[in-house]
Amino acid sequence: MQAARSQDTNIRKASAVLVILCVLAAGSLWLTAATARNYFAATVAASRFRVSVNRIRYEAIGPGRTVVEVDVCFDNGGGWPLSVTSMQTNLYLDVSYVWGQNFDWLNEPIKLPPAEVTNVVVKIEVPDTKADLVARGGEEWLVRVSGILEMPMLGSKLYRAKGVFPAKEVLRWTGG
Amino acid sequence: MDGRLRTVLGTVLAGVFMGGLFTIQAAPKLAPVRVLGESATVLVFIGAFVSGLLMGVLSPGITRGLFIAVISIVLGLAIAGVVLILPVATGIIGQIELVSVSIVERMLVLSIVLAPVGVLGAFVGSFIA
């Protein structure tokens, strides 16, 4: 009799535990599903974001002063609004580093609306010590850009891209 | 319900429970409720203890309870891993990494740390039972 009662108590305990586990698992399933949904939306937004360097051109402003203009294209093909808060641009001539410049837009981030392409033109002021090198040019110009992209929910993420241009494709800009 | 079936069902349910906690711990900013994301690591520890405790109550014998507590953590880890790896497996990868290798490493280290917590829960649970 006592053994039967003990077994009955055990079954009741086990049933109560299973009910609690069912509730916890159901709550956790909802949590997993909701997080996974956000995760996939973020993945799609990240996968449809593209950065590319479209064009380089340079201008000799005065004696020993040269400005290199880099046209960077941000293609936000996803459904989330994104923004760029910083960019580091490095210029290389025939694989040798020439000069670089940082751009900080933390106060006024560049907005990248969903399903839109945004072109940003940045100017690198090459110091007079390197101006001759740029004026001489090389066979191949290389620009590396990297920076911080702000994504909703995820916060800051790093982006990077590079553009390689044969010398004949690099335009010498005469102003205007 | 058969005792073995009950144990298996309990282990699977505990694994699903831990899977949700591991998922929000890996991607706290993507949690549907911000508070849950912010306290994800604490929740994972509490979750491991609670699931261990419940498994200890559910299954007769301390050894079995301890073993099941660890299994439920591993199962939870596997579920979270599948969720995190799906975009990579389906080929949706962009220029930006959403889940870095360090997050996956942190999750694995955490699971190792959690095993004794789950075992402790199972130990307490087996005494309650």
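The values are calculated or read from the model by the stated rules, or taken from the named source; none is laboratory data. Please read these numbers as outputs of a predicted model, since none were measured by experiment. Using ideal geometry, Cβ is built from the backbone for each residue, glycine included, and neighbour counts are taken over all protein chains shown.
Before moving on, here are some points about what is shown:
- Filter result (charged (D, E, K, R) and closer than 18 Å to residue A:107 by Cα) within the stretch A:142-163: A:150, A:157
- The set of residues in the stretch B:53-76 being in contact (Cβ under 8 Å) with a residue 24 or more places away in the chain and either farther than 23 Å from residue B:109 by Cα or in contact with a Lys or Arg (Cβ under 6 Å, 6 or more places away or on another chain) (or both) consists of B:54, B:56, B:57, B:58, B:59, B:60, B:61, B:62, B:64.
- Here residue A:43 meets each of (1) touching a Pro at 6+ places or on another chain (Cβ under 7 Å); (2) more than 10 Å from chain B (Cβ to nearest Cβ) with one exception, condition (2).
- Selection within the stretch B:53-86 - closer than 30 Å to residue A:41 by Cβ, more than 9 Å from chain A (Cβ to nearest Cβ), surrounded by fewer than 24 Cβ atoms within 10 Å (Cβ to Cβ) and not β-branched (Val, Ile, Thr): B:75, B:77, B:78, B:81
Listed here are the residues, each with its yes/no results for (1) surrounded by 13 or more Cβ atoms within 10 Å (Cβ to Cβ); (2) at pLDDT below 90.
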site	(1), (2)
A:6	no, yes
A:13	yes, yes
A:26	yes, no
A:62	no, yes
A:70	yes, no
A:80	yes, yes
A:84	yes, no
A:100	yes, no
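- Those residues of the stretch A:100-146 which are touching a residue at least 60 places away in the same chain (Cβ under 8 Å), outside any helix (DSSP H, G or I) and acidic (Asp, Glu), in sequence order: A:125
- Qualifying residue in the stretch A:73-89 (condition: assigned to a strand (DSSP E or B), within 13 Å of chain B (Cβ to nearest Cβ), of a type in the set (Gly, Ala, Ser) and within 20 Å of residue A:117 (Cβ to Cβ)): no
- When residues of the stretch B:21-52 are limited to those that are within 9 Å of chain A (Cβ to nearest Cβ) and closer than 28 Å to residue A:11 by Cα, the one surrounded by the fewest Cβ atoms within 10 Å (Cβ to Cβ): B:50
- Checking the stretch A:147-166 against the condition returns no match, with no residue being modelled with pLDDT of 85 or more, more than 14 Å from chain B (Cβ to nearest Cβ) and not in a strand (DSSP E or B).
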